[in-house]
Amino acid sequence: MNTGIHCLTRKTVVGFFLPLILLSLSSCLSGSKDKQPAKEKSTTTLLQMAVPDNAVYGAVLDDLDKNNLQNIDLALTVFANNKADSLSRDSMLVSFNEFMTSVMQEYFDNKLLANKELTEHFGNKEDQAEAQKLTASLASHGIQLNFREGEFYLEPNLSFVSERLGNVLTAGSRDYLATKIKLAGNLSDDQIGDSKDSQSGGKKMTLSLPDSIANQVVAWEDFLTKYPGYVMRDEIHSQYLDALTAYLSGVEQFPLFDPDTKILESKYQSSYLQYMESYPNRESAKIVGKFYELLTLKGFKYDEAMDSFLSEENLTPAIKPE
């Protein structure tokens, strides 16, 4: 997720208040608990905190060791115990995502990067014991480890995050995570495509790449319409524009026009027609319609006018809340 959305003021506010909160909580843990080791007492204090807003939560995260995977779980627990208002809770999700990204980056740099021994373990098709052990260990902290073509990839398990935070999240944040989970879960390793159960025989059926991109456009347009004031609106709007641009210009894995004939690929054409038929009242469908009219005018063959359309047309529709 993108960083710095509506939570950049946290460091300027917290320097004075957080020590007071921690001191107050620490005083409540006197008596027999004074015999606890300092590190254990600090963790106990955090587990009992009820952060009042994102500023305090952000300061807590800044103080956590990013080299300790267990601090992901601690950060989630502190989040779940919050007493913040809805707007601050949305910003807290941004802060948590920033923190988790930092933890994953630290782990990748210190444990995975240029680790030949691990690369050999993951590349050994006959013995996956060590690979499975590490994968399971990271999964217990909400991190997905993938190994493709000799490279390691770390991603946050958003289902893990969503389940841990549960009803603490606002409706907007729950829908945001649900949308991300749905779109990410529909991507295969070797292509950007959605997969659905076909209605006949229960077999998996992979959508075409254009239809998959169209689903992304629809999902983010729906979210922007439903939550026009959401704290991560700018990031989501960028994802929407990226998807719509890819839908109208093609992607590296699947160009819009056949490289030899310069004719529009049939899967894009059928996808455009289905999109306009399925969503006639959407702002995005109006843009797709304009582009399709241009394609029709040019006989569905590449023309520089296509490039002009993408550079001159306003791809930012006026999304109005329902």
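The values are calculated or read from the model by the stated rules, or taken from the named source; none is laboratory data. Since the model is a prediction, treat every value here as computed from it, not as a measurement. No Cβ is skipped: glycine too gets one built from the backbone with ideal geometry, and neighbour counts run over all protein chains shown.
Any idea which of (1) in contact with a His (Cβ under 9 Å, 6 or more places away or on another chain); (2) assigned to a helix (DSSP H, G or I) is the one Leu248 doesn't satisfy?
(1)
Do we have any residue at all in segment 271-288 that's more than 30 Å from Arg174 (Cα to Cα) and under 29 Å from the mean Cα position of the chain (by Cα)?
Yes; the residues of segment 271-288 include at least one that is more than 30 Å from Arg174 (Cα to Cα) and under 29 Å from the mean Cα position of the chain (by Cα).
What do you reckon, is Val161 within 30 Å of Ala55 (Cβ to Cβ) and either among the hydroxyl-bearing types (Ser, Thr, Tyr) or touching a His at 6+ places or on another chain (Cβ under 8 Å) (or both)?
no
Is it fair to say Lys267 is in contact with a helix residue (DSSP H, G or I) (Cβ under 8 Å, 6 or more places away or on another chain) and either surrounded by fewer than 20 Cβ atoms within 10 Å (Cβ to Cβ) or not in a helix (DSSP H, G or I) (or both)?
Judged against the criteria, Lys267 is a match.
So, in segment 152-186, exactly how many residues are polar (S, T, N, Q), part of a helix (DSSP H, G or I) and either in contact (Cβ under 8 Å) with a residue 60 or more places away in the chain or outside the structural domain of Met104 (by TED's automatic domain parsing) (or both)?
1
Restrict the check to segment 272-289 and report whether at least one residue is modelled with pLDDT of 95 or more, crowded, with 17+ Cβ neighbours inside 10 Å and farther than 15 Å from Ile213 by Cβ.
Looking through segment 272-289, none of the residues is modelled with pLDDT of 95 or more, crowded, with 17+ Cβ neighbours inside 10 Å and farther than 15 Å from Ile213 by Cβ.
If you take the residues of segment 251-264 that are outside any loop (DSSP other than H, G, I, E, B) and either among the polar types (S, T, N, Q) or touching a helix residue (DSSP H, G or I) at 6+ places or on another chain (Cβ under 8 Å) (or both), which of them is farthest from Asn215 (Cα to Cα)?
For segment 251-264, the residue satisfying everything is Leu264.
Could you list, ordered by first residue, the pairs with Cβ atoms under 8 Å in which the first is in segment 101-113 and farther than 15 Å from Phe147 by Cα and the second is of a type in the set (Ser, Thr, Tyr), at least 6 apart or interchain?
Taking only residues 6 or more apart or on different chains, the pairs are Thr101/Thr3.
List pairs: first in segment 212-231 and part of a helix (DSSP H, G or I), second polar (S, T, N, Q), Cβ under 6 Å, 6+ apart or cross-chain?
As it stands, the answer is Ala214/Ser271; Val217/Ser284; Ala219/Thr179; Trp220/Gln239; Glu221/Ser284; Phe223/Thr179, since those pairs meet every condition given.
Rundown of residues vs (1) within 17 Å of Ile143 (Cβ to Cβ); (2) surrounded by fewer than 21 Cβ atoms within 10 Å (Cβ to Cβ); (3) hydroxyl-bearing (Ser, Thr, Tyr); (4) modelled with pLDDT under 95, yes/no style:
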{"position": "Leu23", "(1), (2), (3), (4)": "no, yes, no, yes"}
{"position": "Leu29", "(1), (2), (3), (4)": "no, yes, no, yes"}
{"position": "Ala38", "(1), (2), (3), (4)": "no, yes, no, yes"}
{"position": "Asp65", "(1), (2), (3), (4)": "yes, yes, no, no"}
{"position": "Asn82", "(1), (2), (3), (4)": "no, yes, no, no"}
{"position": "Asp85", "(1), (2), (3), (4)": "no, yes, no, no"}
{"position": "Gln105", "(1), (2), (3), (4)": "yes, yes, no, no"}
{"position": "Phe108", "(1), (2), (3), (4)": "yes, yes, no, no"}
{"position": "Asn115", "(1), (2), (3), (4)": "yes, yes, no, no"}
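Answer yes or no as to whether Phe147 is aromatic (Phe, Trp, Tyr), out of contact with any Asp or Glu (no Cβ under 9 Å at 6 or more places or on another chain), over 18 Å from Ser173 (Cα atoms) and not in a helix (DSSP H, G or I). Explain how you work it out, then say what you get.
Working: aromatic (Phe, Trp, Tyr): yes; out of contact with any Asp or Glu (no Cβ under 9 Å at 6 or more places or on another chain): yes; over 18 Å from Ser173 (Cα atoms): yes; not in a helix (DSSP H, G or I): yes.
So Phe147 passes the test.
Within segment 139-151, track down each residue that is touching a residue at least 24 places away in the same chain (Cβ under 8 Å) and crowded, with 18+ Cβ neighbours inside 10 Å.
From segment 139-151, those touching a residue at least 24 places away in the same chain (Cβ under 8 Å) are 141-143, 146-148, 150; that's our starting set.
If the condition is that a residue be touching a residue at least 24 places away in the same chain (Cβ under 8 Å) and crowded, with 18+ Cβ neighbours inside 10 Å, then His141, Gly142, Ile143 are the ones that fit.
Have a look at Ala80, Ala55, Ala114, Ala50 and point out the one that is within 25 Å of Phe152 (Cβ to Cβ) and aliphatic (A, V, I, L, M). Explain how you work it out, then say what you get.
Numbers: Ala80 fails: within 25 Å of Phe152 (Cβ to Cβ); Ala55 fails: within 25 Å of Phe152 (Cβ to Cβ); Ala50 fails: within 25 Å of Phe152 (Cβ to Cβ).
Ala114 is the lone residue from the list that is within 25 Å of Phe152 (Cβ to Cβ) and aliphatic (A, V, I, L, M).
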